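Undergrad: Could you have a look at this structure, given as structure tokens, before my questions?
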């Protein structure tokens, strides 16, 4: 699971690269300075500033390692036009029960954000819609039961 391919848009890939660069070049220095200051305060066993700086350092190093692995295994999605729902597609779907239409972008799990209607290929909805064409009906189970949708448009 550690080296599983993650699918990213070019924008998200670039965003993660910038974050990694910031963490390595700027954040590490800030934390090192905080550690030096905290050490100067004396007894490390009862030094809250030192403990906090060590925790920040550990969290930052974990994030750096995660980003390095993610970027190393990432595959950029091209956004090629297709009449089939694939990673990177923008799909308009209609809920069959209430006839309400929604537009979702199908993305890798690192980019998924339901608040902006970006759905992961690994979510139940994402798994169900992949490979479908305009007019096809698909369904998936949720806690509320089975949801059925029709693909209205694929971009």
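The values are calculated or read from the model by the stated rules, or taken from the named source; none is laboratory data. Since the model is a prediction, treat every value here as computed from it, not as a measurement. Backbone-built Cβ (ideal geometry, glycine too); neighbour counts: all protein chains shown.
Undergrad: Taking into account only those residues within region 1-17 that are surrounded by 11 or more Cβ atoms within 10 Å (Cβ to Cβ) and in contact with a helix residue (DSSP H, G or I) (Cβ under 6 Å, 6 or more places away or on another chain), which is modelled with the lowest pLDDT?
TA: Selected residue: 6.
Undergrad: Please verify whether residue 40 is under 30 Å from residue 127 (Cβ atoms) and either in contact with a helix residue (DSSP H, G or I) (Cβ under 6 Å, 6 or more places away or on another chain) or not assigned by TED's automatic domain parsing to the domain that holds residue 138 (or both), treating the condition exactly as stated.
TA: No: the conditions fail for residue 40.
Undergrad: While we're looking at this one, here's another question. Part of a helix (DSSP H, G or I) and within 22 Å of the chain's Cα centre (by Cα) - does that describe any residue in region 75-97?
TA: No: zero hits.
Undergrad: Then there is this: When residues of region 101-116 are filtered for being in contact with a strand residue (DSSP E or B) (Cβ under 7 Å, 6 or more places away or on another chain), outside any strand (DSSP E or B) and either surrounded by fewer than 13 Cβ atoms within 10 Å (Cβ to Cβ) or assigned by TED's automatic domain parsing to the domain that holds residue 10 (or both), how many remain?
TA: Residues in region 101-116 being in contact with a strand residue (DSSP E or B) (Cβ under 7 Å, 6 or more places away or on another chain), outside any strand (DSSP E or B) and either surrounded by fewer than 13 Cβ atoms within 10 Å (Cβ to Cβ) or assigned by TED's automatic domain parsing to the domain that holds residue 10 (or both): 0 in total.
Undergrad: Scan region 123-135 and give yes if some residue there is over 30 Å from residue 24 (Cα atoms), out of contact with any strand residue (DSSP E or B) (no Cβ under 8 Å at 6 or more places or on another chain), loosely packed, with under 13 Cβ neighbours inside 10 Å and not assigned by TED's automatic domain parsing to the domain that holds residue 24, otherwise no.
TA: Within region 123-135 (the criterion being over 30 Å from residue 24 (Cα atoms), out of contact with any strand residue (DSSP E or B) (no Cβ under 8 Å at 6 or more places or on another chain), loosely packed, with under 13 Cβ neighbours inside 10 Å and not assigned by TED's automatic domain parsing to the domain that holds residue 24), the answer is no, since none of the residues qualifies.
Undergrad: Looking at region 118-143, which of its residues are more than 17 Å from residue 100 (Cα to Cα) and in a loop (DSSP other than H, G, I, E, B)?
TA: 121, 122, 123, 130, 131, 132, 143
Undergrad: In this structure, is residue 71 surrounded by 13 or more Cβ atoms within 10 Å (Cβ to Cβ), within 13 Å of the chain's Cα centre (by Cα) and in contact (Cβ under 8 Å) with a residue 40 or more places away in the chain?
TA: Criteria met by residue 71.
Undergrad: If you check 20, 35, which single one turns out to be part of a helix (DSSP H, G or I), touching a helix residue (DSSP H, G or I) at 6+ places or on another chain (Cβ under 6 Å) and within 30 Å of residue 88 (Cβ to Cβ)?
TA: That would be 20, the only listed residue that is part of a helix (DSSP H, G or I), touching a helix residue (DSSP H, G or I) at 6+ places or on another chain (Cβ under 6 Å) and within 30 Å of residue 88 (Cβ to Cβ).
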